[in-house]
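Undergrad: Pasting in a structure now, in structure tokens, and then I'll have a few things to ask.
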Ligand SMILES: Cc1cc2nc3c(=O)[nH]c(=O)nc-3n(C[C@H](O)[C@H](O)[C@H](O)COP(=O)(O)OP(=O)(O)OC[C@H]3O[C@@H](n4cnc5c(N)ncnc54)[C@H](O)[C@@H]3O)c2cc1C
Ligand code: FES
């Protein structure tokens, strides 16, 4: 893990309150889909904790993230111009276990801002000719970042204003995938619903979880999630990607 002074290369709006950030990373750092970086707040916001963001792409000394304005840090970040610098810790966490795919059909599912890491995984699997299927859900048509989505994406909207009406699980039911293996990132409620759907289909699902973080280093235990059979795991260290069967969803 490296602490790195990164330079912003691109910071552009892709939908309302939704931005694509491109920035420099150390040339020799291996960055896997599903891993994240942690932004040390040097912005004049008064917040002290690091802020985690998943990579949406990486290679050749550059990386990207898609972020949504939620609070002070993300708002301040949206005002940053190319050429300005920020301190990041990277790479953090594990990644999606693509070695588990074997003969199965990878079905990638993104909810809202969970799109970033899922797009990274989509590109990575496409380069390996694994032909992933992609389902992405948004609240409404106006919030869809069309410029980022592959043409074959099954798009779902909660209000039915674009694509399939309903949740990403309604989108998943629209596609036929023999022996699906699910990879997903999105809100906890969506991950929970997917875990139950996968269990019913006797399929495996690997989910990237969001948790409030303190250190992003595995030291503070601020990001733990309950595990079946007792105990907890840290989202920043053992995660953020977990086998859905590991998580004690009834306590989430
Ligand atoms: C592993 C991981 C990867 C992430 N990847 C992305 C990403 O790719 N793009 C992106 O936009 N966001 C991502 N997030 C969420 C991101 O960290 C928060 O949006 C960010 O920390 C908000 O900071 P803020 O100061 O702007 O908002 P704050 O003022 O800190 O919070 C604003 C609101 O957002 C909620 N919130 C803040 N942080 C989190 C969090 N970590 N999880 C759930 N709710 C939170 C707060 O409860 C509050 O209601 C990720 C989080 C994790 C744990
Ligand atoms: S954020 Fe401190 S242990 Fe995970």
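The values are calculated or read from the model by the stated rules, or taken from the named source; none is laboratory data. Quick caveat, the model's predicted, so the values are computed rather than measured. Using ideal geometry, Cβ is built from the backbone for each residue, glycine included, and neighbour counts are taken over all protein chains shown.
Undergrad: Inside segment 83-96, can you point out the residues that are in contact with a strand residue (DSSP E or B) (Cβ under 6 Å, 6 or more places away or on another chain) and part of a loop (DSSP other than H, G, I, E, B)?
TA: 84, 93, 94, 96
Undergrad: Pick from 190, 252: which is within 18 Å of residue 111 (Cα to Cα) and modelled with pLDDT of 95 or more?
TA: Numbers: 252 fails: modelled with pLDDT of 95 or more.
On inspection, the qualifying residue turns out to be 190.
Undergrad: Which one is surrounded by the most Cβ atoms within 10 Å (Cβ to Cβ) among residues in segment 230-243 that are touching a residue at least 12 places away in the same chain (Cβ under 8 Å) and part of a loop (DSSP other than H, G, I, E, B)? Quick ask: steps written out before the conclusion?
TA: Here is the first cut: in segment 230-243, the ones touching a residue at least 12 places away in the same chain (Cβ under 8 Å) are 233-243.
With the extra rule that they be part of a loop (DSSP other than H, G, I, E, B), the set shrinks to 235-240.
Numbers: 235: 26, 236: 26, 237: 18, 238: 18, 239: 24, 240: 28.
Step by step, filter segment 230-243, then rank; the result is 240.
Undergrad: Quick one: how many residues across segment 227-245 are within 16 Å of ligand 1 (Cβ to nearest atom) and more than 17 Å from the chain's Cα centre (by Cα)?
TA: Summing the residues that are within 16 Å of ligand 1 (Cβ to nearest atom) and more than 17 Å from the chain's Cα centre (by Cα) in segment 227-245 gives 2.
Undergrad: Something else: What about residue 130, is it within 10 Å of ligand 1 (Cβ to nearest atom), modelled with pLDDT under 95, at negative phi and touching a helix residue (DSSP H, G or I) at 6+ places or on another chain (Cβ under 9 Å)?
TA: Working: within 10 Å of ligand 1 (Cβ to nearest atom): no; modelled with pLDDT under 95: yes; at negative phi: yes; touching a helix residue (DSSP H, G or I) at 6+ places or on another chain (Cβ under 9 Å): yes.
No.
Undergrad: Pairs please, first residue from segment 52-75 and within 14 Å of residue 33 (Cα to Cα), second anywhere and more than 6 Å from ligand 1 (Cβ to nearest atom) and part of a helix (DSSP H, G or I), Cβ atoms under 6 Å, 6+ apart in sequence or on different chains.
TA: From segment 52-75, the pairs are 54/117; 55/120; 56/119; 56/120; 57/120; 66/115.
Undergrad: Here are the criteria: (1) in contact with a strand residue (DSSP E or B) (Cβ under 7 Å, 6 or more places away or on another chain); (2) surrounded by fewer than 24 Cβ atoms within 10 Å (Cβ to Cβ). Tell me which single one residue 137 does not satisfy.
TA: Just one mismatch for residue 137, condition (2).
Undergrad: When residue 49 is evaluated against the numbered criteria (1) within 16 Å of ligand 2 (Cβ to nearest atom); (2) farther than 24 Å from residue 240 by Cα, which criterion, by number, is the only one it fails?
TA: Unmet for residue 49, out of (1) within 16 Å of ligand 2 (Cβ to nearest atom); (2) farther than 24 Å from residue 240 by Cα: (2).
Undergrad: Going through segment 192-214 one residue at a time, which ones are touching a strand residue (DSSP E or B) at 6+ places or on another chain (Cβ under 9 Å) and within 12 Å of ligand 1 (Cβ to nearest atom)?
TA: Let us first name the residues in segment 192-214 that are touching a strand residue (DSSP E or B) at 6+ places or on another chain (Cβ under 9 Å), namely 192, 194-195, 197-199, 201, 203-211, 213.
Within segment 192-214, 207, 208, 209, 210, 211, 213 qualify.
Undergrad: Take the residues of segment 101-126 that are at pLDDT below 95 and part of a helix (DSSP H, G or I): which is farthest from residue 237 (Cα to Cα)?
TA: Within segment 101-126, the match that is farthest from residue 237 (Cα to Cα) is 112.
Undergrad: From the set of residues in segment 76-100 that are surrounded by fewer than 18 Cβ atoms within 10 Å (Cβ to Cβ) and farther than 25 Å from residue 40 by Cβ, which is nearest to ligand 2 (Cβ to nearest atom)?
TA: Taking the candidates together, the pick is 97.
Undergrad: Still on this structure: Just give me the residues in segment 161-177 being assigned to a loop (DSSP other than H, G, I, E, B) and surrounded by 13 or more Cβ atoms within 10 Å (Cβ to Cβ), in sequence order. Give the steps one after another, and end with the answer.
TA: Filtering segment 161-177 down to residues assigned to a loop (DSSP other than H, G, I, E, B) leaves 161-163, 166-167, 175-177.
Once the filter is applied, which keeps residues that are assigned to a loop (DSSP other than H, G, I, E, B) and surrounded by 13 or more Cβ atoms within 10 Å (Cβ to Cβ), segment 161-177 yields 161, 162, 163, 166, 167, 175, 177.
Undergrad: Give 219, 211 a once-over and let me know the one that is more than 18 Å from residue 136 (Cβ to Cβ), more than 19 Å from the chain's Cα centre (by Cα), in a loop (DSSP other than H, G, I, E, B) and within 16 Å of ligand 2 (Cβ to nearest atom).
TA: Details: 211 fails: more than 19 Å from the chain's Cα centre (by Cα).
On inspection, the qualifying residue turns out to be 219.
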